[in-house]
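The values are calculated or read from the model by the stated rules, or taken from the named source; none is laboratory data. What you see is a predicted model, and the numbers here were worked out from it, not measured in a lab. Cβ coordinates were reconstructed from backbone atoms using ideal geometry, including for glycine residues, and neighbour counts include every protein chain displayed. What goes into the accessible areas is simple: the full protein's heavy atoms, side chains included, and nothing from ligands, DNA or RNA. Shrake-Rupley method; radii C 1.70, N 1.55, O 1.52, S 1.80 Å.
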Amino acid sequence: MSAYRIVQKFTPLTLTGTATTSGPIALKSGYLRIVPEQDAYIEVGATPTISTSTAASIFVKGGTELVLKDTVISQRVVGVTTGATTVIDLPEGTFSEFSPGDYVELTGIAPSGINTTFVAVASVDATNDAGTGGFNRKVTLTWDTSGQGGAITDSIGELRRVVKVAAYGASGKVHITEVQIAGG
């Protein structure tokens, strides 16, 4: 048995015989502890879909725990360009682990309407050329901030990868906690 430290807790999912999906989970440790009260199928991802007819979703016996490890990605934001899509500037000289198709949370930017909890990464520009925008990475989000005006560039912002948990079962709740494994 492992020892856990709680990183963050989430509202349990209620199972009613149809697939239920959690809200966005901004990953901090990446270890999701999932405990269904009754037998359930579990799936984790940006837009998870439950499959009970194949081995695609994980079957978890009621009352047992499942600990899944997912990839944590976070990056400080040094600039934001608002528009029909939102362009995020990452610090010069850093590498970006974000990829098109990832879903992210943007926080710490003023005005607050630029922030979001769940939006897709459209593209990542890794150009290293002073003539075309510098030596930093740019991440373009499918987030329309054109009505927000310009961002305050001295904001301390963060871009963080998010996932959702989907569950399917006849009844009961599915408890979700992000944990850090402290020992074993």
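Residues D144, D102, sorted by accessible area with the largest first, give D144, D102 [1.4 Å probe; ligands and nucleic acids excluded]. For the chain, the residue among S96, A166, A3 whose Cα projects farthest onto the positive side of the dipole built from Cβ charges is A3.
The mean sequence distance of close C-alpha pairs (under 8 Å, at least 6 residues apart), as a share of the length of the chain, puts its relative contact order at 41 percent.
For the chain, the dipole from Cβ point charges (+1 on Lys and Arg, -1 on Asp and Glu) about the Cα centre works out to 500 debye, to the nearest 20.
Distance between the C-alpha centres of segment 138-184 and segment 16-35: 11 Å, rounded to the whole angstrom. Shape index of the chain: Rg/Rh, with Rg the Cα radius of gyration and Rh the Kirkwood radius from the inverse mean 1/r over Cα pairs, equals 1.05.
Amide hydrogen proximity for E65: with H placed 1.01 Å from N in the peptide plane, no residue at 5 or more positions away or on another chain lies under 5 Å.
The 1.4 Å probe gives accessible areas that order E178, E158, E105, E97, largest first, as E97, E158, E105, E178. Å³ per residue of the Cα convex hull, for segment 20-64? Dividing the Cα hull volume of segment 20-64 by its residue count gives 90 Å³. Charge dipole (Cα centre; +1 on Lys/Arg Cβ, -1 on Asp/Glu Cβ; no other charges) of segment 40-111 amounts to roughly 200 debye.
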